[in-house]
Amino acid sequence: MNLRFGEEVKGFLYAYAGEKGLEVGFIDRGGEPGGVARVEGASTPWKVKYLVENYGGIPGIVVEGEAPGKEPLLVILGRSAAEVAEMAVEVARRYAEWRSKRGRG
C-alpha cells in the first residue's frame, strides 16, 4: 500500500511506529542512481537493496523522500494484504484523530 507522505505526518508516523514496535526506513530518492531512475521497474530492486544494506532487512514502514519527478510517500508492508489493509485503516483513523486534536480535521 502506498500513501502520500509529507512533513505534517512525520511526527505522527514515528510515534505510531514506536507504539507498534515497527522500524521506519527512509529512502533518499535523491540518491537513486540516474540509470536506475530512468528505467521503468528498476527502482524497486534498488530500493530493496538500499533497505537491506542500511537497515539489515525491510522495515514495516518505508518513507521515500522527495526527488525531482518523485513525490514523497509512505509505504506500509506486511505479511498479507489483510494485515496491510488493517494497518492502513488504523493509521488513517488514528491520523484523523490526531489531526482533529490539532484543529486540522
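Multiplying the sequence separation of L77 and T44 by 0.36 nm and subtracting their Cα-Cα distance, what value in nm do you get? Once the chain is fully extended between L77 and T44, it gains 10.5 nm. Find the relative contact order for the chain and round it to a whole percent, using C-alpha pairs within less than 8 Å whose residues are 6+ positions apart. Over the chain, the number comes to 33 percent.
Need the full-extension length gain, A88 to S100, defined as separation in residues times 0.36 nm minus the C-alpha distance. One decimal, nm.
That works out to 2.5 nm of additional length.
Axis of helix 81-101 versus longest Cα principal axis of the chain: the two differ by about 60°, to the nearest ten degrees.
Under a 5 Å amide H cut-off, with hydrogens placed 1.01 Å from N, V24 pairs with nothing among residues at least 5 apart or on other chains. Debye sum, Cα scatterers, the chain, no solvent: what log₁₀ I/I(0) at q = 0.20 1/Å? Treating every Cα as an identical point scatterer, log10 I(q)/I(0) equals -1.10. Summing Lys and Arg as +1 and Asp and Glu as -1 over all other residues whose Cβ lies under 9 Å from the Cβ of G65 gives a net charge of -1.
Per-residue ellipticity at 222 nm for the chain, helices alone: DSSP H runs ≥ 4 residues times -39500 (n - 2.57), over residue total, nearest 500 deg cm²/dmol?
On the way: 4 runs with 52 residues, N = 105.
Helix-only estimate at 222 nm: -15500 deg cm²/dmol.
In the range 62-105, a dipole from Cβ-located charges (positive for Lys and Arg, negative for Asp and Glu) runs towards its positive end, and of V75, W98, A85 it is W98 whose Cα lies farthest in that direction.
How far is helix 7-20 tilted off the main Cα axis of the chain, in degrees rounded to 10, range 0 to 90? Result, in degrees: 80. Along the chain, the longest continuous region that contains none of the trypsin sites (Lys or Arg not before Pro) in a DSSP loop with at most 11 other C-beta atoms within 10 Å is 39-78.
In this simple spin-label model, placing a label point 7 Å from the Cα along the Cα-to-Cβ direction at both A67 and F12 gives a separation of 2.7 nm.
Evaluate the charge dipole of the chain about its Cα centre and quote only its size in Debye, nearest 20, assuming +1 on the Cβ of each Lys and Arg and -1 on the Cβ of each Asp and Glu. Walk me through the numbers before you get to the answer.
Values: 15 positive and 15 negative charges, 58 e Å.
Roughly 280 debye, rounded to the nearest 20.
From least to most packed, judged by other beta carbons within 10 angstrom and beginning with the fewest, S43, S100 follow the order S100, S43. Computed from backbone phi, the HN-Hα couplings of the range 29-45 come to 5, x, x, 5, x, x, x, 6, 4, 8, 9, 4, x, 7, 5, 4, x Hz, rounded to whole numbers (Karplus: 6.51 cos²θ - 1.76 cosθ + 1.60, θ = phi - 60°; Gly and Pro given as x).
The numbers here are math on the coordinates, done by the rules we state, and not lab data. Nothing here was measured: the structure is a model prediction, and the numbers come from that model. Backbone-built Cβ (ideal geometry, glycine too); neighbour counts: all protein chains shown.
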